Structures are given as C-alpha cells and as structure tokens.
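Novice: What follows is a structure written as structure tokens; I'll ask about it next.
The values are calculated or read from the model by the stated rules, or taken from the named source; none is laboratory data. Note that the coordinates shown come from a computational prediction; the quantities given were computed from them, not determined experimentally. For neighbour counting, all protein chains shown are included, and Cβ atoms are generated from backbone atoms with ideal geometry for every residue, glycine included.
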There are 2 protein chains.
Amino acid sequence: MKEGPDIAQIGALIGDPARANMLAALTGGRALTATELAGVGGITVQTASTHLAKLEAGGLLAQRKQGRHRYFTLADEAVARLIESMMGFAAGRGHLRHQPGPKEPALRKARICYDHLAGDYGVRMLDSLIASGAIEAVGEGLALTEKGESDLECIGIDVSDLRSSRRPLCRSCLDWSERRAHLAGSLGKALLSSFLDKGWARRTAESRSIRFSPEGDRQFLKLFPVDP
Amino acid sequence: MKEGPDIAQIGALIGDPARANMLAALTGGRALTATELAGVGGITVQTASTHLAKLEAGGLLAQRKQGRHRYFTLADEAVARLIESMMGFAAGRGHLRHQPGPKEPALRKARICYDHLAGDYGVRMLDSLIASGAIEAVGEGLALTEKGESDLECIGIDVSDLRSSRRPLCRSCLDWSERRAHLAGSLGKALLSSFLDKGWARRTAESRSIRFSPEGDRQFLKLFPVDP
DNA sequence: TTCATAGTTCGATCGTAACCGAAGCATCGC
DNA sequence: GCGATGCTTCGGTTACGATCGAACTATGAA
C-alpha cells in the first residue's frame, strides 16, 4: 500500500464532469478564456474559476494573462496525450455520452487533436502514407522513409526543419472514434498546418471539428487515396 | 460541449484514493480477494465491496468466483497500461505520495508491471538489449532483430511460439520511477517468467516489488551489461 | 473620472458519495 | 445438521466539494 505516484489526485481532477469537459475542449489546441470554458463546462464563471485554479495547481493547465483576459491551455503535450488516451479507453469500454448530438458526425470525420488531424480523415491520411511507402510502421512506432521525405518536400513540408526541433517527428496517436492510429508529432502538426494554410480546411468556432471545403476535400482525397 | 467519450466517469473511478490504491495493487498482475484489497485500500470490507462493484461496472475489473473467495483482477492489459501511464504522468508532475516508506527503494529497483519487469532493472534490461543489437528502437516502437531472436533462443525463450499469439511481441512501456522505457509485450512477459523459473528472482508477498537472489542478481547483471 | 467587462474571492447551501455497523447470503469444513 | 469464513446489502451518519449569489479587484474604453 502507498506504493508509487498518486494517481488518485489526477483522477479526481479529471473525474468531475465540468472539468472533464473543459479539458476535452482544450484538447482542441487553442487557448480559451475562463468565460468560454465556463460555457463548455455548463457552469457559471465563479465555479469555473475555482475549477481552473485547481487544474492549474495540479499541473494540467497553463495560464497566460493578456489584458483583462486570461487564456488557458493544456500545460503541455503530455496532458493532451493523457486526455486522448483516456478518451480512447473510455470509448472502448462504451463510456459514451448519452446524447450523440448533431456535431458527432463532423467530429468523427475530421477533428483536431491538440495540433494535428484526427478522426476518419486522420486515420485515412496515415493509412495512405503507409501504403505509399512514405511512412513505415515498425512495432508500435512510426518512421519516415527517404521516399516519404521527398514526397513531403514536394507538397511543401520542410522535413529537415522539423527534424531540428526536439519534438519527435512521427508519433502514433490512438483515435477514440476510429479506434485506430493517426499521425501525431511535429510532422502531424506540419501537415495539418499546411491544409489550413492552403485553405483546404478551417477550424470551426466552438468545436474541435475541422471543416473541409469542397475543393479541399477533393484535393485531400486525391492526395491520400485508399488503395482498392 | 458534450463532445466525445466520457472521460469523467473513469476519472472519477480512479479519483478515489481507496480505489486508486486497489487498482495500483492489481497492476501487480496477480488476482486479489476482496479482503486483501480492503487492506491495501485502508478500508473495511463492506466499503471495499461497494468500490469493487463500481469498478467492475465501469469495466476496469474482472471478477472470478472460486469457492467462497472472489478474486479480482484488472479487466485486461489496456487497464494496466492506463494505470501505468497515469502513474508516469503523475510522477512527472510531482504528484508523489507523502511518505516514501521503506518499500520504495525495492520498488524502484525491480517490480512487476502487470506481467513484465519494470523499475531500474527493467530499464537496464531494455537498454542492454538495444545496445547489443537484439532489439531496435524505431520511432517509439521496438522491433526484435534476427540477432536478438537467436540470442533469446540461447537463453531458452521460444520466440516463434510467442509470435503465434495475437499479443504484440515487443511493446515499450513508460516507467514511472525511471521515466524511461522498459520492455513490455509477450516478450517482456516471457523474460520475466524465465527469471522466476530459473529461481533468479521471486515475487514478494504483498507488494509489487521483485526480489533477486544474490546468485540471480549476478546472473542478471552479467546477462544484461551496461556498456562503459 | 465613470462605466463596462473579465475574473477572483467569500459565504452559504445543498447533494452526493464514502464510510461503517449490523444483518443477510453463500460456501466450506466438520 | 452446525459454526466459521468471505463477501454483499441495507440503513444511517458524516464530510467534502460543487455550485451559485454577491461583493471585490483589475483592465480597458469613453
């Protein structure tokens, strides 16, 4: 008894529905204000404030003051991975929300996961990259091949630039909706950024979902085909 | 709001100290009775019973009746991974227990993580396997090389037998005490089993720690050297 | 300065869940 | 059959924490 680190603390932090909703919303990657987070939690600002203070004290959240606003983000990528992995686990056990709601299908199709693409499109992209030989799946990990490096340079991704960062280039991240892996890491981030830059897709206002334009949709599906 | 799977439920399940202690104890891999779990949780059997019922309803635990005993185990390896990953996260944030206690050093040296070796010795073993070229680290994943396969056959591990199982051969598992990876998967399990079979080490009664005999210690350190 | 907006702190209320004693089943050994 | 052990269910108590109204601080706009 009393062995090891205290998982009860962080479990309790995530265990409150209001806090869980806020954390899930912040998995969208963008910084949100206390008032916005109160909205997603379905509570008043006062209550949200105490929740946010607790989450920050627990090391899950970081805070940035800007004028009279306070922007909250997840403390780092480790928190995002923890949340997504818990989502994957929960989805596997059938711990789903009671009302699927109208936004569900859009979320399942394409959504943002911290800073990269997830959902059906995210899984398709990784599948296609593996099928074309751009990425190799070794064990549980992912590795970019030489072919992949040149392929990506063609569509405007500066791989050598990405390599210079300390962050791993390829990471696989388990998708809660698809129950399959999609591409995370700095490469995953760069790819999503390029889609947004090219105007193929854009982030929606209050949700984690990503909306592809008709043209962007065509380009994406052409660039990442699924073999028959 | 109301997006995705419900992480609050499992967060709340893990969020209670008594339940967290029971789950951590069960990460030791062996099945425990309700009374034993009440002990590790520091609560009476009645209370433990309700906790265990909740954990089982939540899909975290499985139960097996045997005579008048009820043996509880983690539902599957996914639960074990979730718990260990939360431990790693918690350790990284400094969410440590208040009293380190006398058993801490033993736990840090060598302990069981579901069914494989973790702690200092677990990390050393993987490091050594990689240094000798038996295992390759590719991206985040691990892959057994041909050399590794023959090396392992020499010490009595039937790799082809392990391959026939559906479970992945090599997995990397993040260690909460060392903050580095150790070897999981069916190969990790087989290696630990062989140590126990050879009498190099044995599991302790009430703890997750593993005790090496003086002779076993020498053999282990010889078999898995760290290069200078 | 004054007003408005964003956020925190205080105080009090309220619900829920953890907890244990006691009673109730089930299984084993005899 | 009997008592002993392992565990669950019931009932009632208690304590903690989530919640919000109201008051307070800070920044920005006019």
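Novice: Look at region A:31-71 and say how many of its residues are within 8 Å of DNA strand C (Cβ to nearest atom) and closer than 28 Å to residue A:173 by Cα.
Specialist: Here the count works out to 5.
Novice: I'd like the full set of residues that are assigned to a loop (DSSP other than H, G, I, E, B) and modelled with pLDDT under 90, limited to region A:134-149.
Specialist: We begin by selecting, within region A:134-149, every residue assigned to a loop (DSSP other than H, G, I, E, B); these are A:134, A:139-140, A:145.
If the condition is that a residue be assigned to a loop (DSSP other than H, G, I, E, B) and modelled with pLDDT under 90, then A:139, A:140 are the ones that fit.
Novice: Across region B:156-178, which residue is modelled with the lowest pLDDT among those that are out of contact with any helix residue (DSSP H, G or I) (no Cβ under 7 Å at 6 or more places or on another chain) and not polar (S, T, N, Q)?
Specialist: First pass over region B:156-178, keeping only residues out of contact with any helix residue (DSSP H, G or I) (no Cβ under 7 Å at 6 or more places or on another chain): B:158, B:160-161, B:163-164, B:166, B:172.
Imposing the further condition that a residue be not polar (S, T, N, Q) reduces the set to B:158, B:161, B:163, B:166.
On the way: B:158: 91, B:161: 90, B:163: 89, B:166: 79.
Looking at residues that are out of contact with any helix residue (DSSP H, G or I) (no Cβ under 7 Å at 6 or more places or on another chain) and not polar (S, T, N, Q), I get B:166.
Novice: Considering only region B:49-56, I want to know if a residue exists there that is among the polar types (S, T, N, Q) and at pLDDT below 95.
Specialist: no
Novice: Evaluate region B:172-189: report whether one residue or more is among the aliphatic types (A, V, I, L, M), in a helix (DSSP H, G or I) and under 12 Å from residue B:121 (Cβ atoms). Show your work before the answer.
Specialist: As a first pass, look at region B:172-189 and keep what is among the aliphatic types (A, V, I, L, M): B:174, B:181, B:183-184, B:187.
Still in the running and in a helix (DSSP H, G or I): B:187.
Then keep just the ones that are under 12 Å from residue B:121 (Cβ atoms); that gives none.
Checked region B:172-189: no residue is among the aliphatic types (A, V, I, L, M), in a helix (DSSP H, G or I) and under 12 Å from residue B:121 (Cβ atoms).
Novice: Name the residues in region B:1-50 that are within 23 Å of residue B:77 (Cβ to Cβ) and polar (S, T, N, Q), would you?
Specialist: B:9, B:21, B:27, B:33
Novice: If you go through region B:84-95 one residue at a time, how many are within 25 Å of residue B:61 (Cβ to Cβ) and either facing chain A (nearest Cβ under 7 Å) or at pLDDT below 75 (or both)?
Specialist: Step one: list which residues in region B:84-95 are within 25 Å of residue B:61 (Cβ to Cβ), which gives B:84-91, B:95.
Now drop any that are not either facing chain A (nearest Cβ under 7 Å) or at pLDDT below 75 (or both), which leaves B:85-87, B:89-91, B:95.
Count: 7.
Novice: Tell me which residues, restricted to region B:27-79, are at positive phi and within 9 Å of DNA strand D (Cβ to nearest atom).
Specialist: B:67
Novice: Could you identify the single residue in B:131, B:118 that is modelled with pLDDT of 85 or more and surrounded by fewer than 21 Cβ atoms within 10 Å (Cβ to Cβ)?
Specialist: Working: B:118 fails: surrounded by fewer than 21 Cβ atoms within 10 Å (Cβ to Cβ).
On inspection, the qualifying residue turns out to be B:131.
Novice: Do we find a residue being closer than 26 Å to residue B:189 by Cβ, among the polar types (S, T, N, Q) and in contact with a Ser or Thr (Cβ under 9 Å, 6 or more places away or on another chain) anywhere in region B:82-104?
Specialist: Yes: region B:82-104 contains one or more residues that are closer than 26 Å to residue B:189 by Cβ, among the polar types (S, T, N, Q) and in contact with a Ser or Thr (Cβ under 9 Å, 6 or more places away or on another chain).
Novice: Return a yes/no flag: does region A:18-32 have any residue that is in contact (Cβ under 8 Å) with a residue 12 or more places away in the chain, in contact with a His (Cβ under 6 Å, 6 or more places away or on another chain), of a type in the set (D, E, K, R) and within 11 Å of chain B (Cβ to nearest Cβ).
Specialist: Scanning region A:18-32 turns up at least one residue that is in contact (Cβ under 8 Å) with a residue 12 or more places away in the chain, in contact with a His (Cβ under 6 Å, 6 or more places away or on another chain), of a type in the set (D, E, K, R) and within 11 Å of chain B (Cβ to nearest Cβ).
Novice: Out of (1) modelled with pLDDT under 90; (2) assigned to a loop (DSSP other than H, G, I, E, B), the odd one out for residue A:199 is which?
Specialist: The single condition residue A:199 does not satisfy is (1).
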